[in-house]
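To start, the structure under review is shown below, and the notes come after it.
The values are calculated or read from the model by the stated rules, or taken from the named source; none is laboratory data. Model, not experiment: these values are computed from the prediction. Cβ placement follows ideal geometry from the backbone for every residue including glycine, while neighbour counts extend to all protein chains displayed. These accessible areas exclude ligands, DNA and RNA; they are computed on the full protein's heavy atoms, side chains included. Shrake-Rupley method; radii C 1.70, N 1.55, O 1.52, S 1.80 Å.
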Amino acid sequence: MAMPKHHPNDETLLAYSSGNLAQGFALTVSTHLGFCADCRHRTAEMEQLGGALLDELSPAPMDDAAWNAIAARLDEAPTVSTAPTVPQEAAAWPRELTPYLPGPTLPWRALVPGVRHVTLPVGIPKRGNVRLVRIAPDKAVGVHGHTGREMTVVLEGGFSDVLGHYGPGDFMELDEGVEHEPVTPPSSHCICLIAVESPLRFRGFLARLLQPILGL
Amino acid sequence: MSDRDSPTASQLIQCIAQTEDRAAFRQLFGYFAPRIKAYLLRLGANAAQAEDVAQETMLTVWRKAASFEPAKADAATWIFTIARNRRIDVLRRERYPTLSDEGQDQRPDDAPLADETIGVTERQRLLQKAVAALPADQAEVVRLSFFEDRPHSEIERALGIPLGTVKSRLRLAMTRLRKVMGEE
Ligand SMILES: [Zn+2]
């Protein structure tokens, strides 16, 4: 598999490594890591920094009963969680993503002609959402702006916008106020994982009409 | 754990993995549980939550000792990632998306961190020195990233400096630290 060309920046990866990202954003990052050896390496370095900082903290004494409490639990059998069934169409996607899919089949729903989506049961602040979006070939999604952060990772196919071309594993983070218009190529569809913090803003008459339906 | 005569944390974890050595675990618990508790307190947890996460983290260390790979990470780093994930489990009631163990098997050729001639423990010590040697403003944003449960945009507010400055300080800090970790 070709290595991704677009990666999370240092701030985002540090926020991920320190446990400081909302679940939905962390999922786009971990899914990218499933594709990207370079970023796995960068993440390991940042976690090493976390280890160094943990190691040098001044200890906060535990309760007197703490050792006895844990010693009594060492023989407990751990609860074993079984791996969820991976939907067939997700077989080639990173294993980082599949535990967060809604079930063994993906309940795709049409948004507008050529665009289908599945909302994932994953946490995200400010009434945002986390979903898989599947866009048909040769389709322009429409100019839209962002009222909050958005993180996207491409799972299959790809799209282009003013920032370049995005293929499998590529990661895109857009900040508040950025506008862009993704377009899929004529020959292939695109499936992305998209986490948005708050609803997207569409421009233009058609977009405004569609907005309530899209719920984007 | 720096006392030269006693076993390293990494060796203790391997003892636990091989023989379910409770004495080794007790030593590891004595060292790390209070640090995990301190980590949680720094992040705004109350004492009961901090104790709880420290216990849960150490229980995971006991159970997963066999999956610890001493060539890839030092003990403190491994325990840090477990504590980070347990904190989110317990406090946010969410499972933090991490690298999958299942995926791990398919990536045997991931490069180990930095060069292997210096051990992971030694590198940890160098890294701590490098953090201590960072300019104060860079060290502050790095620490806040790990010890404040809030986005960088709010760190900006806490420090009274613009977000762009927070980001550039983080970038400068990471560039310096990467040199110690064997890159660039
Ligand atoms: Zn990457």
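Things to note:
Yes/no per residue for (1) within 12 Å of the ligand (Cβ to nearest atom); (2) more than 7 Å from chain B (Cβ to nearest Cβ); (3) modelled with pLDDT under 90:
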{"site": "A:4", "(1), (2), (3)": "yes, yes, no"}
{"site": "A:8", "(1), (2), (3)": "yes, yes, no"}
{"site": "A:53", "(1), (2), (3)": "no, no, no"}
{"site": "A:60", "(1), (2), (3)": "no, no, no"}
{"site": "A:77", "(1), (2), (3)": "no, yes, yes"}
{"site": "A:80", "(1), (2), (3)": "no, yes, yes"}
{"site": "A:91", "(1), (2), (3)": "no, yes, no"}
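- Restricting segment A:167-191 to residues that are within 16 Å of the ligand (Cβ to nearest atom) and part of a strand (DSSP E or B), the residue that is farthest from the other protein chains (Cβ to nearest Cβ): A:172
- Residue B:133 open to solvent by less than 70 Å² (accessible area, probe 1.4 Å) and at pLDDT 85 or above: no
- Enumeration of residues in segment A:51-81 that are part of a helix (DSSP H, G or I) and open to solvent by 80 Å² or more (accessible area, probe 1.4 Å): A:68
- Among the residues of segment A:18-37, the ones that are open to solvent by less than 10 Å² (accessible area, probe 1.4 Å) and either in contact (Cβ under 8 Å) with a residue 40 or more places away in the chain or within 13 Å of the ligand (Cβ to nearest atom) (or both) come to 10 in all.
- So residue A:96, is it surrounded by 15 or more Cβ atoms within 10 Å (Cβ to Cβ), part of a helix (DSSP H, G or I), within 12 Å of another protein chain (Cβ to nearest Cβ) and charged (D, E, K, R): no
- Scanning segment B:47-94 for residues being under 19 Å from residue B:9 (Cα atoms), free of Cβ contacts under 8 Å to residues at least 40 places away in the same chain and more than 10 Å from chain A (Cβ to nearest Cβ) gives a total of 4.
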